[in-house]
């Protein structure tokens, strides 16, 4: 049964800050007719160095705020929050569908390189939980997974030093242990396990060479969202122009400035609503 | 009138995270007989990219927590919190003396290089407020002050890549606009306007050369605390060994690991009390 009122609701997208805007961008490309409501928890960014208990509390508050505004599906556009809190959010928000960024990336890596070796680049918290290893090995028991925390790459992406010798040096330092003796990575895929890292894709490519596949969970997550909308018959039916609404818990002017790089389009501080969760 | 009960109370030290441990270390050297109570607001670190309203709220909550535990003086061991909230904290906590890290550094720079030019390295929030320029020019109207935001250096110090070519490259990128044509900085002093930056002192020295004075507000703040204790007759009189107590709002294990670098001594997660403010 299609309920037109539900179908008109936006897709809620939540991240610790601006990183999830790479997922928002992929959603707009994949689902150009959908309303989107984005919440960046910029007052408490970054999540990657915080404890599971704090991350879970923050994620629940953010999800609750979006649910009260009215959404038809929630995307956790943050690998750390997905690794820590996806199960709890799915339980608490049911029957609202909740899609995380982690499983779609794991699924894509396994499909493209079965029985392969995978290198996951992520935050400290995501690596500590070993969430990617579990997700990949649940799909492909013979896959070999290594996880590398790359904390400084989050600040680097936010600073906007992209395509830059300093960025290459930082990326090289993190990837060095995983490069083979004749250069090139030992892994078949390199998974961008943090939504900030697609901005550093070109540096990562330069460091790892041409052989390894780079898996960007933004586009794989957008495809997973599309499948879920279809399964639940939740696609938007109206042909009027879709709305994009941006919320932040702190600093709209910084959000706008940094957000422009992630969304690759103009964002003004006036477009961003400050919310207290 | 000396009240022995007050004199026995610890000095409270508050920072957004681990950076203030450089100030704690200087306090222990300057005042080896004092009890010290340190609170790192690691659940909400970093402050440097957040709005003044949020920073003020966080600082008031932290100060209130320390006051309730009992302290005889409060040190705001965070340049950002000092720049944003010192006046408000002094007003709200009076008659408890509150010492910030900013004014002692400004005072030292002006005393050492009168009518000089000064380059302040700080977080985005500190630079946006121009607090160093105001403090320096209030003491020396003919001083010339430039402020450079160096956000990535905070994450760099926390990652522990010290004395490292990547650190040198990052420091060079920020300082490049301020280096003279025949190398060496145009400024007479370089002020470390963030408590994380003393860890990067050797990289900064390599980049700026030998000419400019590096002003580290940790030691100047410790001297200011000593003066205040003497003025108020608040020095500890007992000869028993002093206590050091560490509190954090999140992640004791990360606090311990990163804190070791800042304090330059062993810190165990078991020594850190987790508090909810």
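The values are calculated or read from the model by the stated rules, or taken from the named source; none is laboratory data. Predicted model only: the values in this text are computed from it and were never measured. So basically every Cβ, Gly included, is an ideal-geometry build from the backbone, and we count neighbours across all protein chains shown.
Of the conditions (1) surrounded by fewer than 24 Cβ atoms within 10 Å (Cβ to Cβ); (2) under 17 Å from residue A:9 (Cβ atoms); (3) touching a strand residue (DSSP E or B) at 6+ places or on another chain (Cβ under 9 Å), residue A:39 fails just one. Which one is it?
(1)
What strands (runs of 3 or more DSSP E) lie completely within segment B:114-198 and have 2 or more residues being within 14 Å of chain A (Cβ to nearest Cβ)?
Output list reads B:144-149.
Step by step: first the residues of segment A:105-126, then only those that are closer than 19 Å to residue A:16 by Cβ and crowded, with 24+ Cβ neighbours inside 10 Å, then the one that is modelled with the lowest pLDDT. Which residue is that?
A:125
Considering every residue within segment A:143-164, establish whether at least one is over 24 Å from residue A:16 (Cα atoms), within 19 Å of the chain's Cα centre (by Cα) and buried (at least 24 other Cβ atoms within 10 Å of the Cβ).
Taking every residue of segment A:143-164 in turn, none turns out to be over 24 Å from residue A:16 (Cα atoms), within 19 Å of the chain's Cα centre (by Cα) and buried (at least 24 other Cβ atoms within 10 Å of the Cβ).
Would you mind finding the one in B:247, B:213, B:229 that is over 20 Å from residue B:25 (Cα atoms) and away from chain A (no Cβ under 14 Å)?
B:213
With the condition kept exactly as written, say whether any residue in segment A:78-88 is assigned to a loop (DSSP other than H, G, I, E, B), in the same structural domain as residue A:9 (by TED's automatic domain parsing), touching a residue at least 12 places away in the same chain (Cβ under 8 Å) and out of contact with any strand residue (DSSP E or B) (no Cβ under 7 Å at 6 or more places or on another chain).
No, that holds for no residue.
Restricting to segment A:1-33, name every residue that is over 17 Å from residue A:76 (Cα atoms) and either surrounded by 23 or more Cβ atoms within 10 Å (Cβ to Cβ) or touching a strand residue (DSSP E or B) at 6+ places or on another chain (Cβ under 6 Å) (or both).
Selection gives nothing.
Here's the yes/no breakdown for (1) in the same structural domain as residue B:95 (by TED's automatic domain parsing); (2) in a loop (DSSP other than H, G, I, E, B); (3) surrounded by fewer than 16 Cβ atoms within 10 Å (Cβ to Cβ):
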| position | (1), (2), (3) |
| --- | --- |
| B:204 | no, no, no |
| B:207 | no, no, no |
| B:210 | no, yes, yes |
| B:229 | yes, no, no |
| B:233 | yes, yes, yes |
| B:238 | yes, yes, yes |
| B:247 | yes, no, no |
| B:250 | yes, yes, no |
| B:256 | yes, no, no |
